[in-house]
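The values are calculated or read from the model by the stated rules, or taken from the named source; none is laboratory data. Computed from a prediction, not measured in an experiment: that's the story for all the values here. Neighbour counts are summed over all protein chains in view; Cβ atoms, including those assigned to glycine, are modelled from backbone coordinates with ideal geometry. The accessibility values were calculated without ligands, DNA or RNA, using every heavy atom of the protein model including side chains. Shrake-Rupley method; radii C 1.70, N 1.55, O 1.52, S 1.80 Å.
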Amino acid sequence: MESIWKKTCDSEKRPALKDHIQAEAVVIGAGMTGILTAWQLEQAGVRTVVLEADRIGSGQTGNTTAKITLQHGMFCSALIEKKGEETARKYVQANQAAVEEYKRIVREEKIDCDLTERDACVYSGDREKLRRETEAARKLGIEALLKEQIELPVSCAGAVCVPGQVQFHPLKFVRALSECLNVYEDTRVTEVEPNLVTTACGSVHAGKIVFASHFPFVNFPGMYFARMHQERSYVIALEHAGELHGMYIGDGKDTLSFRQYGPYLLLGGQAHRTGENREGGCYDRLKEAAKQMYPESRPAACWSAQDCMTSDGLPFIGGYAADCPDWYVAAGFQKWGMSFAMVSAMLLKDLICGNENPCAEVFAPSRFSSGEIPQLMKEGGKAVKGLTKRFFHLPAETDASLKRGHGAVVETPQGKAGVYKTEEGNICQVDIVCPHMGCELAWNPEERSWDCPCHGSRFDYEGNLLDGPAQEGIWQKSTDIS
Ligand SMILES: Cc1cc2nc3c(=O)[nH]c(=O)nc-3n(C[C@H](O)[C@H](O)[C@H](O)COP(=O)(O)OP(=O)(O)OC[C@H]3O[C@@H](n4cnc5c(N)ncnc54)[C@H](O)[C@@H]3O)c2cc1C
């Protein structure tokens, strides 16, 4: 389940932090957001250190489809309606500036990352909706074109297309850009204080702290866990599917995404809230759709990723919380985190350097007050988190009935446990209480992982942490069959 980006881009490992150091700014997370933010800060003369729990680009950035576009689906008319024309225009301008900034950096830094210019299109079966969207896009200053015929083998009334957008190889880009930066890999931040970031083997004292960890993991202040959920979706790389010229996304629920990379057509879809797994196989359904549309095609790779979704559809970019004036955050990208990573980097650089930025208010996390969030949630989460680790006795009939390669939640005399039977017939047993805020994990048969339906943390079947906001694995115990 490795993405084509990870398969085709290697880089030398950076050392872990082993010291107590000082910096003007520290960035937590070396995905696209963290690396771009550190790069922009360094360009502005701010001495910056990046701390990464795993490898550069190993998170969602290594599993994206990597279209860089201001065309975020059928969004213009909806955004004008929800937020007004002025805010919608600023949203568009920020993302257009982000696309141009990528082009500039690739050109000036001579980065070899397969960046190519394409039209970005949203297709729909609803002709009237397409007409309205084209009009709304033009009102916001986008040179949108309404095309009645498109190259995809889908039934639709046409597409709204925006020229001059780009696609690239995200890991080639992010790893090349990070070469001049001070990045520590295998360095998980475990504690954040007002101007101090602590890891297992060292710490950074910094004037400014940026959370670019995909999901901001400090719960209080900020309460980002109550303002976002995560959504997972799936991608297959198809060989022998012909060649696409544009980048496409469908409108509505259960939509598909298309782009070309070299000989591969990347087909994405099957989105669902993380932890709320769908019946049947997401990969199987995507493969079935591929077979219908491209009968000659053959899947060469498949992978999945997730992103944070906010309640008003806009990301959180700006100050972390009123009582932490030196903390900043960039999250909630709604699956448009390539352009939003650059929007974040440019905006956070301005905020940290004290420059004006016209979008600061549009994306400010403070646009919601914490007063809106029920106190109950806060207390409830804390209470469950306090549960002590438990030892489970797995009933013998569970072991007998569970098929190899399958996982399930089982009732034991001590309460619920998560069990997985490996292909070799060994049982792996884990606690299914999420260490982040105590929600019950659900088995994800697609990825053979334990996923949290509340905030999207994920763990492999042995209990190791895969995705935050949790910052530690789940407790595992060898089987004790009673
Ligand atoms: C299937 C799919 C397709 C997508 N396709 C597109 C697309 O075509 N175009 C687009 O614009 N967007 C797309 N997106 C969205 C985009 O991929 C993401 O928004 C983006 O990659 C997020 O980047 P990031 O740097 O914020 O997060 P990440 O890449 O996840 O980086 C966060 C990093 O922080 C690290 N970290 C976490 N906790 C700690 C800690 N305590 N200490 C140190 N490090 C830590 C992690 O290890 C990770 O490397 C897609 C999303 C999905 C799900």
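Structure notes:
- For Ala300, the residues 5 or more places off, or on other chains, whose built amide H falls under 5 Å of its own are Ala237, Leu238, Glu239.
- Taking every C-alpha pair closer than 8 Å and separated by at least 6 residues, the mean separation divided by the residue count of the chain gives a relative contact order of 17 percent.
- Mean accessible surface per residue for the chain, computed with a 1.4 Å probe while every protein chain stays in place, in Å²: 42 Å²
- For a modelled paramagnetic label at Glu117, 7 Å from Cα along Cα-to-Cβ, the residues of segment 44-83 in reach, with backbone nitrogen under 18 Å, are 67-71.
- FRET efficiency for the pair Asp284 and Lys7, taken as 1/(1 + (r/R0)^6) with r the Cβ-Cβ distance and R0 = 22 Å, rounds to 0.50.
- Spatial separation of Cα centroids for segment 445-476 and segment 151-221, in angstrom: 20 Å
- When both segment 268-316 and segment 7-45 are represented by their alpha-carbon centers, they are found 30 Å apart.
- For Leu41, net neighbour charge (Lys/Arg +1, Asp/Glu -1) across residues whose Cβ lies under 15 Å away: -2
- Segment 396-477, accessible surface, carbon-and-sulfur percent (1.4 angstrom probe): 44 percent
- Helix content alone sets the calculated 222 nm mean residue ellipticity of the chain: runs of n ≥ 4 DSSP H residues at -39500 (n - 2.57) each, divided across all residues, give -7500 deg cm²/dmol.
- With both labels modelled 7 Å from their Cα along Cα-to-Cβ, the Arg131 to Asn195 distance reads 6.1 nm.
- By average C-beta atoms within 10 angstrom, highest first, the peptides 166-174, 194-202: 166-174, 194-202
- Sparsely packed GluC sites (Glu not before Pro) within segment 1-41, loop by DSSP, other Cβ within 10 Å at most 14: Glu2, Glu12
- Sequentially through segment 307-316, phi angles give Karplus couplings (6.51, -1.76, 1.60; θ = phi - 60°) of 9, 8, 10, 9, 6, 9, x, 10, x, 9 Hz, Gly and Pro residues having no value and appearing as x.
- Treating r as the C-beta distance of Glu151 and Cys180 and R0 as 60 Å, the FRET efficiency rounds to 0.95.
- Mean separation of Cα pairs under 8 Å and 6 or more residues apart, divided by the residue count, gives segment 396-477 a relative contact order of 22 percent.
- Placing unit charges on each Cβ (+1 for Lys and Arg, -1 for Asp and Glu) gives the chain a dipole about its Cα centre, and among Pro153, Val174, Thr412 the Cα reaching farthest toward its positive end belongs to Pro153.
- The order of the peptides 343-356, 274-287, 46-59, 203-216 by mean Cβ neighbours within 10 Å, most packed first, is 203-216, 46-59, 343-356, 274-287.
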